[in-house]
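The values are calculated or read from the model by the stated rules, or taken from the named source; none is laboratory data. Predicted, not measured: the structure shown is a model, and the values here were computed from it. Backbone-built Cβ (ideal geometry, glycine too); neighbour counts: all protein chains shown. These accessible areas exclude ligands, DNA and RNA; they are computed on the full protein's heavy atoms, side chains included. Shrake-Rupley method; radii C 1.70, N 1.55, O 1.52, S 1.80 Å.
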Amino acid sequence: MASVNLGSLVQSYSIFNQASRNNSKSFPLPRSFPFNPLKNISSSTPKRRSFTSLPSISSVLTKEDAVMEEDQDPQLPSFDFKSFMIHKGNAVNQALDSAVPLRDPVKIHEAMRYSLLAGGKRVRPVLCLAACDLVGGKESMVMPAACALEMIHTMSLVHDDLPCMDNDDLRRGKPTNHKVYGEDIAVLAGDALLAFSFEHIAVSTVGVTPDRIVRAIGELAKSIGAEGLAAGQVVDITSEGLTNVGLDHLEFIHVHKTAPLLEAAAVLGAILGGGHDEDVEKLRKFARNIGLLFQVVDDILDVTKSSKELGKTAGKDLVADKVTYPKLMGINKSKEFAEKLKSDALELLQGFDPEKSTPLIALANYIAYRQN
C-alpha cells in the first residue's frame, strides 16, 4: 500500500479543518472519547440443531489474510499469524461452547448458540488474549472476558440485522438469527447474551484480584452504553440520508460504534493480566486506532467486494445512503488513511517486549489488509 502524503491528507481531510466544519450539517454530538485518532493525523419453529462440531477458525482465514513477509519486522522472529489465529480462535470457540451449553429453555439457548458459534474471526477475544500475554498475564485469567466480548459482539450483530435496524438476511454466510428464529426470539437471544457476558466475567474469572475484575466490568459496560457502542449506533441511524456530513461526524460514529469493543478487548486483557496503568492506556490507544482502522477497511470492502466474498450483504451502506469513508474521501484516500491509522497503532507498541507484541503487530496488519 502506498505511503501517505501527510501534508495533502491533512489539508484535504482533517476533521478539524474549519471550512469542513462550516460546510457540514449541524448535528449536536455527545461528548466524544478523550483520545481522537483523527485529531493528530498527519493524517416458525426451526428444526433442532446439533452443535457437536464447532466451526473452525481456519474456515474464515484465507491466504490473503496472512501477514505478508514484507510487512513483518525483519528483526523479529518469523511469526505465523494464520496459525496463531486458528489456535487462539479455536480455544475461544471451545470456551464459548462450554460457557453457553444447550439447556432449558432450549429455544433461547439454541438461538444464542446459533449466532455465537456461527464462525467469525474472533478478532476481539484474540486481541484480549494477546494484550493479557503482553503484560505478563496468563490466558486462563482472561478467557472469560474474551468470551464475554464475543458474546456482546454477537449480540450487536443479531440486533443490527433486525428489520428495525439494518434489515439484513445474511451474516457470516448464514441466514441471520431473526430469519431462522423470528424477530422476537432474536431480540431475546441478543439480550440474554449481553446479560450473561457480565455474569460470566464476574463468576468465572480466576486468578485475578476482585478490584481488577470490577474495574474490567466497568470498562466493558462503559464501552457499550450511552457513551460507547449505543451512542455510535444512534448517531449512525439518525445520520442516514443527511447531506454534507463531515469527517468529524463520521469519526464520532465509528470511534463509538466500531472501536469500543476492540478497545475494551485490549483494556480488559491488560487490566486482568496485571498490567500497569501506563500499559493499559497505551493499549487503549492502540486498540482505538485499529478499531477505526477496522471500520475504514470495512467501508472499503463494502463497495469493492461481493456478498459471496464478504459472507454478508455487500453494498448495503450505499443502498441505505449511509455516510462512509469512501463516500467522503474516495477509495484511494480511504486506503491512505487506513495505512496511517495502522502506522500510528504500531508506534504505540514500542517499549513492550518485541516478541510478545508480535501478535498485536500482526493483528493490526491483518485488519488493514483483510479481504472480508
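Amide H of ARG171: which non-local residues (sequence gap of 5 or more, or other chain) have their own amide H closer than 5 Å, using H built in the peptide plane?
Under 5 Å from the amide H of ARG171 lie the amide H atoms of THR176, each far enough along the sequence or on another chain.
For the range 147-265, just say rounded, prolate or oblate: build the C-alpha gyration tensor, square-root its eigenvalues into a ≥ b ≥ c, call rounded for a/c under 1.5, and beyond that prolate if a/b exceeds b/c, oblate if not. Working shown, then result.
Details: a/c = 2.72, a/b = 1.26, b/c = 2.15.
Verdict is oblate for the range 147-265.
If amide H atoms are built 1.01 Å from N in the plane of the peptide, which residues on other chains or at least 5 residues away come under 5 Å of the amide H of GLY246?
Amide H neighbours of GLY246, under 5 Å, 5+ apart: LYS25.
Can you work out the accessible area per residue across the range 81-369, with the rest of the protein chains kept in place, probe 1.4 Å, in square angstrom?
Values: 10290 Å² over 289 residues.
Per residue, the range 81-369 has 36 Å² of solvent-accessible surface.
Looking only at Cα atoms, what is the convex hull volume of the range 242-299 per residue, in Å³? Let's see the in-between values first.
Numbers: hull volume 4.1 nm³, N = 58.
Cα convex hull per residue, to the nearest whole number: 70 Å³.
Express the C-alpha Rg of the range 81-369 as a ratio against the empirical globular expectation 2.2 N^0.38 Å, rounded to two decimals. Write out the running numbers ahead of the final one.
Values: Rg = 18.2 Å, N = 289, 2.2 N^0.38 = 18.9 Å.
Its radius of gyration relative to the 2.2 N^0.38 Å reference: 0.96.
Residue by residue through the range 219-224, what is 3J(HN,Hα) from phi via Karplus (6.51 cos²θ - 1.76 cosθ + 1.60, θ = phi - 60°)? Round to whole Hz and write x for glycine and proline.
So the Karplus estimates, Gly and Pro as x, are 4, 5, 4, 4, 5, 10 Hz.
Residue by residue, what Karplus-based ³J(HN,Hα) values in Hz, rounded to whole numbers, does the range 93-103 have, using 6.51, -1.76 and 1.60 with θ = phi - 60° and x for Gly and Pro?
These are the phi-based 3J(HN,Hα) values: 4, 5, 5, 5, 4, 6, 6, 10, x, 7, 8 Hz.
Beyond 22 Å between alpha-carbons counts as too far, so tell me which of LYS285/LYS327; LYS257/LYS342; LYS282/LYS356; LYS121/LYS174; LYS222/LYS285 fall in that bin. Walk me through the numbers before you get to the answer.
Values: LYS285/LYS327 26 Å; LYS257/LYS342 19 Å; LYS282/LYS356 15 Å; LYS121/LYS174 15 Å; LYS222/LYS285 16 Å.
Listed pairs above 22 Å: LYS285/LYS327.
From the phi angles alone, apply the Karplus equation (6.51, -1.76, 1.60; θ = phi - 60°) to the range 235-250 and give each ³J(HN,Hα) in whole Hz, x where the residue is Gly or Pro.
5, 4, 4, 6, 8, 4, x, 5, 10, 6, 7, x, 5, 5, 5, 5
For the ranges 128-134, 177-183, 233-239, what's the packing order if you count other beta-carbon atoms within 10 Å of each residue, average per peptide, and put the highest first?
Details: 128-134: 27.4, 177-183: 19.9, 233-239: 17.0.
Sorting 128-134, 177-183, 233-239 by mean packing, highest first, produces 128-134, 177-183, 233-239.
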